[in-house]
Amino acid sequence: MEQVLRADRELFTLMAQEHTGPFVSGPEGELPLDLLMGQLSHDPRISMHLLPLPASSSRAAPSHSVDDGNRKTGAGPPKPINPRKKAKPSGKAKAGCPAELKGYHQFDDNGQPICWAFNMSKGCSEETKDGRCKKGSHICIKCKRSNHSLVTCRVKKS
C-alpha cells in the first residue's frame, strides 16, 4: 500500500510541475489534468514506485487464516531478544548522558538503546517508526514502559 501511495504522490507532483496552462475544459469536455494523468500513468517515474521490493524492504503481510481456537494467535507482546551479553553503556555514552538521566536504564529489555531526548522535558523531534527513532526506543527510561516518558512517569523509585 505504501508503494501505491508513493506512486500516487509522485503522479500528482509531476502533474503539478508539467501543467502550466489554464484549468479550462477542452472542446469535448475533457479536463486538462485528466488528460495529463492518462499520459503520465505509464511514465517510468511513476511505475518505478510499483516495482517489487527486495525481500528485506517489503513487510510480511499479516496472514488472514481462520483460527479454529486450538492455536495461540500472535496477538501477545513480542518476545524479547536475548542479547549475547548484557548491553552496557560505553564510557562515551556515560559522559554524554544528560544529568537528569544519569542513574537510569540506558537500554531496553532487548538490548536496544533508549532515546534520551524522548525522556527529557523538550521531548524528541525525530521521526518515529514502531516506537523508535534513530536515537533509540521511545520508552520511559525509568520503568521501561512505552506509554509515557520520564517526565510523566509515576513509578516510585525503589
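The values are calculated or read from the model by the stated rules, or taken from the named source; none is laboratory data. Quick caveat, the model's predicted, so the values are computed rather than measured. Here the Cβ positions follow ideal geometry from the backbone for every residue, glycine too, while neighbour counts run over all protein chains shown.
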Checklist entry - Restricting attention to segment 20-43, which residues are surrounded by 10 or more Cβ atoms within 10 Å (Cβ to Cβ) and closer than 20 Å to R6 by Cα? => result L33, D34, L36, M37, G38, Q39, L40, S41, D43
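Yes/no matrix, rows are residues, columns are (1) farther than 27 Å from V4 by Cβ; (2) among the small types (G, A, S); (3) modelled with pLDDT under 80:
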position: S56; (1), (2), (3): no, yes, yes
position: A61; (1), (2), (3): no, yes, yes
position: K102; (1), (2), (3): yes, no, yes
position: K122; (1), (2), (3): yes, no, no
position: E126; (1), (2), (3): no, no, no
position: K134; (1), (2), (3): no, no, no
Next on the checklist: If a residue must be loosely packed, with under 13 Cβ neighbours inside 10 Å and hydroxyl-bearing (S, T, Y), how many such residues does segment 104-145 contain?
Outcome noted: 2
Next on the checklist: Can you tell me which residue is modelled with the lowest pLDDT among those in segment 104-120 that are among the polar types (S, T, N, Q) and out of contact with any helix residue (DSSP H, G or I) (no Cβ under 9 Å at 6 or more places or on another chain)?
Outcome noted: N110
